[in-house]
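Student: I'd like to ask some things about the structure below.
The values are calculated or read from the model by the stated rules, or taken from the named source; none is laboratory data. Predicted, not measured: the structure shown is a model, and the values here were computed from it. Cβ coordinates were reconstructed from backbone atoms using ideal geometry, including for glycine residues, and neighbour counts include every protein chain displayed. The accessibility values were calculated without ligands, DNA or RNA, using every heavy atom of the protein model including side chains. Shrake-Rupley method; radii C 1.70, N 1.55, O 1.52, S 1.80 Å.
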Amino acid sequence: MQRVIAIGDMHGCLEALEALLQAIAPQPDDLVVTLGDYIDRGPDSCGVVERLRLLASQCQLVPLLGNHEEMMLSTLDGRAPRGWWLSHGGEATQKSYDRQAEGPRLLQEHREWLATCREYHETDSWFFTHANYVASEPLISQPAEALRWQSLAEHFPGRHMSGKRAVVGHTAQRSGEVLWTQQLVCIDTHCYAGGWLTGLEVTSGRLWQVSRGGRLRERQAAVPPPGER
């Protein structure tokens, strides 16, 4: 059976990402959905994006676009003031490229790759967004504000009209614990600021969590996915 694995907000934490991928050991048939916010705030955004590009050759990778990637792309395209991105963690990202001898080339290649990231993904039983969703709207009609910017504190949605359960990031769970409800699972567990980077195998509820420094803890989800009870 194909594994379907979601990975939460990375925010430049390459050491955590490497350790998480080592624990998960993605296989060619695995579907891995990364929920966005690969960049900003943490120490090595350049390294994270480059690692994700490599991951795309190792499994069936579906990268979603986060609000931080949107800020970066809007700034580099001249559609938003540079200070807006830099003040939200972009300065750390810029420094990570400046440290590379091939920084300008990598920045351009990564910019093109990030522009291909998807707004959402869905399977037969689940759907995945970076931030949130409007329960009464089909996924294809979801507003960008909900998909990438709206926190769960601003609006906690009901069950989506499709009947599927959502997997989201964006709203940092500062406790380091995954948020489980009947309609959604939030796996942004605040890696860059002392929490964990979380990987979730949605079909079984298996969790992998890695600290920013690469320490692994493996757990079973507190609430099993639908159909697993």
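Student: Answer yes or no as to whether ALA131 is open to solvent by less than 20 Å² (accessible area, probe 1.4 Å) and under 13 Å from the mean Cα position of the chain (by Cα).
Tutor: Details: open to solvent by less than 20 Å² (accessible area, probe 1.4 Å): yes; under 13 Å from the mean Cα position of the chain (by Cα): yes.
Spelling it out, ALA131 is indeed open to solvent by less than 20 Å² (accessible area, probe 1.4 Å) and under 13 Å from the mean Cα position of the chain (by Cα).
Student: For a quick check of your reading of the model, give me the residue pairs whose first member lies in the range 38-61 and is at positive phi, whose second is of a type in the set (A, V, I, L, M, F, W, C) and open to solvent by 10 Å² or more (accessible area, probe 1.4 Å), with beta-carbon atoms closer than 8 Å and at least 6 apart or on different chains.
Tutor: ASP40/ALA92; ARG41/ALA92; ARG41/ALA193
Student: Identify the single condition in (1) out of contact with any Cys (no Cβ under 9 Å at 6 or more places or on another chain); (2) closer than 21 Å to GLY89 by Cα that ARG212 does not satisfy, given that it satisfies every other one.
Tutor: ARG212 satisfies all of (1) out of contact with any Cys (no Cβ under 9 Å at 6 or more places or on another chain); (2) closer than 21 Å to GLY89 by Cα except (1).
Student: Another question, then. Which residues, taken from the range 20-37, are open to solvent by less than 20 Å² (accessible area, probe 1.4 Å), within 22 Å of GLU218 (Cβ to Cβ) and not acidic (Asp, Glu)?
Tutor: LEU20, LEU21, ILE24, LEU31, VAL32, VAL33, THR34, LEU35
Student: Could you say whether any residue in the range 104-125 is part of a loop (DSSP other than H, G, I, E, B), surrounded by 18 or more Cβ atoms within 10 Å (Cβ to Cβ) and touching a residue at least 24 places away in the same chain (Cβ under 8 Å)? Steps first, answer last, please.
Tutor: We begin by selecting, within the range 104-125, every residue part of a loop (DSSP other than H, G, I, E, B); these are 115-117, 119, 123-125.
From what's left, surrounded by 18 or more Cβ atoms within 10 Å (Cβ to Cβ): 117.
After this cut, where a residue has to be touching a residue at least 24 places away in the same chain (Cβ under 8 Å) as well, the list is 117.
Yes, the range 104-125 has at least one match.
Student: Mind checking which pairs have a first residue in the range 155-184 that is open to solvent by 70 Å² or more (accessible area, probe 1.4 Å) and a second that is not in a loop (DSSP other than H, G, I, E, B), Cβ under 7 Å, 6 or more apart or different chains?
Tutor: Filtered contacts from the range 155-184: ARG174/HIS190.
Student: Restricting attention to the range 38-58, does a residue exist that is buried (at least 18 other Cβ atoms within 10 Å of the Cβ), under 12 Å from LEU197 (Cα atoms) and either of a type in the set (Val, Ile, Thr) or in contact with a strand residue (DSSP E or B) (Cβ under 9 Å, 6 or more places away or on another chain) (or both)?
Tutor: yes
Student: Ok, one more. Against the conditions (1) open to solvent by 80 Å² or more (accessible area, probe 1.4 Å); (2) within 23 Å of GLN2 (Cα to Cα), where does ASP98 fall short? Just the number, please.
Tutor: (2)
Student: How many residues are free of Cβ contacts under 8 Å to residues at least 60 places away in the same chain, of a type in the set (A, V, I, L, M, F, W, C) and part of a loop (DSSP other than H, G, I, E, B) if we restrict to the range 23-37?
Tutor: Here is the first cut: in the range 23-37, the ones free of Cβ contacts under 8 Å to residues at least 60 places away in the same chain are 25-30, 32, 34.
Narrowing further to those that are of a type in the set (A, V, I, L, M, F, W, C): 25, 32.
Those left that are additionally part of a loop (DSSP other than H, G, I, E, B): 25.
Counting residues in the range 23-37 that are free of Cβ contacts under 8 Å to residues at least 60 places away in the same chain, of a type in the set (A, V, I, L, M, F, W, C) and part of a loop (DSSP other than H, G, I, E, B) gives 1.
Student: Another question, if that's okay. In the range 22-61, how many residues are in contact with a Cys (Cβ under 9 Å, 6 or more places away or on another chain) and more than 19 Å from ARG212 (Cβ to Cβ)?
Tutor: 7
Student: Across the range 189-204, what is the total count of residues that are open to solvent by less than 10 Å² (accessible area, probe 1.4 Å) and within 14 Å of the chain's Cα centre (by Cα)?
Tutor: Number satisfying all stated conditions: 6.
Student: Now for a different question. Search the range 59-91 for residues being out of contact with any helix residue (DSSP H, G or I) (no Cβ under 7 Å at 6 or more places or on another chain) and crowded, with 18+ Cβ neighbours inside 10 Å, and hand back the single one that is farthest from ASP37 (Cα to Cα).
Tutor: CYS59
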